[in-house]
Each structure stands twice: as C-alpha cells, then as structure tokens.
1. Criterion first (within 21 Å of GLY139 (Cβ to Cβ) and open to solvent by less than 60 Å² (accessible area, probe 1.4 Å)) does LEU71 satisfy it?
2. Among the residues of region 95-110, which ones are at pLDDT 85 or above and open to solvent by less than 10 Å² (accessible area, probe 1.4 Å)?
3. I'd like the full set of residues that are outside any loop (DSSP other than H, G, I, E, B), under 23 Å from LEU149 (Cα atoms), small (Gly, Ala, Ser) and modelled with pLDDT under 90, limited to region 1-45.
4. Tell me which helices (runs of 4 or more DSSP H) are completely within region 189-306 and hold 3 or more residues being among the polar types (S, T, N, Q) and open to solvent by 20 Å² or more (accessible area, probe 1.4 Å), or say none if there are none.
5. Could you list, ordered by first residue, the pairs with Cβ atoms under 6 Å in which the first is in region 102-129 and under 19 Å from PHE169 (Cβ atoms) and the second is in a loop (DSSP other than H, G, I, E, B), at least 6 apart or interchain?
6. With ILE97, ILE43, ILE52 as the choices, which residue is more than 22 Å from VAL325 (Cβ to Cβ) and of a type in the set (Val, Ile, Thr)?
7. What is the residue count in region 74-106 for residues that are part of a helix (DSSP H, G or I) and either farther than 15 Å from PHE10 by Cβ or touching a Lys or Arg at 6+ places or on another chain (Cβ under 9 Å) (or both)?
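The values are calculated or read from the model by the stated rules, or taken from the named source; none is laboratory data. These figures come from a predicted structure and were not determined experimentally. Ideal geometry is used to build each Cβ from the backbone, glycine not excepted, and the neighbour counts take in all protein chains shown. When the accessible area is computed, the model is the full protein with side chains, heavy atoms only, and any ligands, DNA or RNA have been set aside. Shrake-Rupley method; radii C 1.70, N 1.55, O 1.52, S 1.80 Å.
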Amino acid sequence: MNTPNLLRSFNFLYFALLAMFIPFLPVYLDSQGLSPAQIGFVIGTGGFITIIAQPLWGMISDKTRTIRRVLLFLLLFSAATGYLLYNSSSYTQLILIAMLLYFFLMPIDPLTESLNFRIAESSGISYGSIRTYGALGYGVMSLLTGYCLLYFGAMGLGLLFAGTSLLSFILCWKMPDAPVTGKPVTLDSLKLFFSNKETLLFLILIFISSVPARMNDTFIGVYILELGGKSALVGQSFFLAAISEIVVFALSFWWLRKGKELIIISFAGAFYFIRFFLSAWISDPHLLAYLQVLQLLTFPVFYSAAIQYLYSIVPEEWRATGQTVLALLFFGVSGILASYAGGAIYQAYGGRVLYLCIAAMSFTGMLFGLILYRFYGRRSRVKSGAATP
C-alpha cells in the first residue's frame, strides 16, 4: 500500500476515534447523571489540558523533526485511557481519566492534519483527497457508536475505542514519516509568525467562529436527548454531519482557491448562522438530527480554507506548530469558553436560548471575516513559508 493510501486509512481510523470521544463524551456523562453545568466543566477543563498538550506535542514534533514517532506514542496511551474512561462512573474518576485522554488524543489531530498536508504536497495530490477519509471514518463510527451505546453500553464502547486505537497504532507503524523542511527551527521565525498583524487577526477570526461550532459539538447530543431522542439518533446526527463532509473535502481541489480563503470562511460562517438559528426553533429531535446535513457547507469549507490560509502565512519550518495553533484555537481555547459558558447558559435558560446565542456569534464571525477579506483577501498570497511583516 502506497503512502497516500496508508494515510487515508489512518485518517479513517483516527477520526473514528474522535467520533467516539467528542460527540459521545457529553452523552456518556449525561447517562452517568451529570448536569449540563457539570458536563461543561469536564469538557471545559479538557480544553485547558488541550491548550497545554497540543503546543507541547507540536513543538516536540518540530524539534525532533518527526511526526510518526510522536503519533505512535500518543496512540498507545490513548488506547489505554479511552478504555478506562468508558468504564468509569464516579465524577472524580471521569474528570481525571477524561483529562488524560484529552492530553493524549487531542494533540494527534493537528499532527495528522500536518501530515495530510505535507504528504499531499509531496505526492502531488489534493489535501481533500486524503482528508475525505477522515470524514468517512467520523461518520461511520458516529453511527456505530450510537448503536453500540444503545445495545452494549459503556463496556462495549470502551472495547471499541481501545481496539480502534490499536489498529491505528499498527497502521501508523507502517507509514513513513512526513517530509521535513530543510530550514532550521528558530525562535525568531516563531516570533515573526506571532508578531504578524494579519496572523493575529486571522487567529481572532478562527476563535470567534469556532466557539459556536464547539458549543454545538458539545451540547447537540444532550439537546437531542432532551427533546426525546435516543443515543442512536445522536449517532445518526453525527453520521449525517460527517458523511456530508466527504464530497466537500473530495472536491476541495475544485472550489478552494488561493487568495479567496477569507471570503470562503465568511461563506461558511453564514451557513453556521443559518444552521444554529434554525436549531433554536426545532422541537422534533429527528428533524434536528437531519438538520446536521448542513455540515457540508460549514465545517469542511471553514477548516479547509483556514488550513490553506494558515499555510500561506506561517514560516515553513513551523508548519506543524502553526497547525497546532489552529487546532488549539478550534478545539482548545474555544472549547473552554464553549463548554463553561455553554453549560451555564444551557442549564439556566435551556437549549433554545443557547442556540440563539451561538447563532449570533456565528453571524459576528461572518462579518469579521468579510472585514478581513476587505483588507487582506484581495491581494495575492505570499508564497508559503514567508510571513508578511
């Protein structure tokens, strides 16, 4: 099996792991009797762990000039902690083991995305042709996990998580490492990256846009259960969302244009607003699940454009670190605010008010993206590897 196909298979398995963790951790915590505020606390605290873990492992990857070996270590420990998590019941145990899983599992995401982009570049294929398989794995496992919880309970989910982690480990063992840049990693290049005004404004845009997306990821399952749905319906909703991404990722070579990333991000922000505003007024859990098909115009569009834009402004030798910063904002920093604030709003005012709030945030992100496009989007992009002063 050639390198791109190995990486496609690895994407399928890793994002299957994320499907068992991100959407179903809140559902599992809810089944253990935790309140929305307590669920928000657990997931928000996991965001703090992510803030520490993702930069740490990204820096280790850049300094040691290897992604594959770091992934092997993280996958092995993810298998053990994931199994323990879904076999825990006390509040204290759930917090401690969930934090360990955040530490080992979440840093794999930016490293995998960096591997995807580098292998795609070196092989002369599109990033989307690889990332599509991640969306497929997320969708398939979301569906399977919902039924697994319904018929086998948490014990079955723990075994499924550990087994998928070990399969990912075996596959990663067979993969070659990513091609590395010939430029040395320097502190000055990182300072240049963070001192760039365009970069900082772009990161603010990512933060504003990702908070509502993370609130939805965290509480959509709880909201479906509150409206009378079952865990299988939660799995179906994430299956629809993930499967809808496949075509978008696969055709990214056609619609993703250099220099147009900011307007594309704003387009995704507009559909995030529509999706969340409609969610606030839906009372049928099945209809809410079906609405998740709007994912095809939100996350894959937003994230693909964000990665391409990031790689056009980040120094080449800090690409893994730059990818980590992007994932850190999307899954870490924004996740903290999304979980703590989202849990408090949900418990105090209910799901409808929560979704009206995140719809308003998405609208704000869309407007900010259009403002940045006005200032930066119309000029031609600088060649990747050179930050604009």
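1. So LEU71 fails the test.
2. Result: ALA98, LEU101, LEU105, MET106, PRO107, ILE108, ASP109.
3. Scanning region 1-45 gives SER31, ALA37, GLY40.
4. No helices (runs of 4 or more DSSP H) qualify here.
5. LEU111/ILE67; LEU115/ILE67; LEU115/ALA178
6. Answer to the check: ILE97.
7. Qualifying residue count, region 74-106: 21.
Residue-wise test of (1) of a type outside the set (Phe, Trp, Tyr); (2) within 16 Å of ASP109 (Cα to Cα); (3) modelled with pLDDT of 90 or more; (4) surrounded by 24 or more Cβ atoms within 10 Å (Cβ to Cβ).
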{"site": "SER312", "(1), (2), (3), (4)": "yes, no, no, no"}
{"site": "SER339", "(1), (2), (3), (4)": "yes, no, no, yes"}
{"site": "GLY351", "(1), (2), (3), (4)": "yes, no, yes, no"}
{"site": "LEU356", "(1), (2), (3), (4)": "yes, no, yes, no"}
{"site": "MET361", "(1), (2), (3), (4)": "yes, no, yes, no"}
{"site": "GLY369", "(1), (2), (3), (4)": "yes, no, yes, yes"}
{"site": "ARG374", "(1), (2), (3), (4)": "yes, no, no, no"}
{"site": "GLY385", "(1), (2), (3), (4)": "yes, no, no, no"}
{"site": "PRO389", "(1), (2), (3), (4)": "yes, no, no, no"}
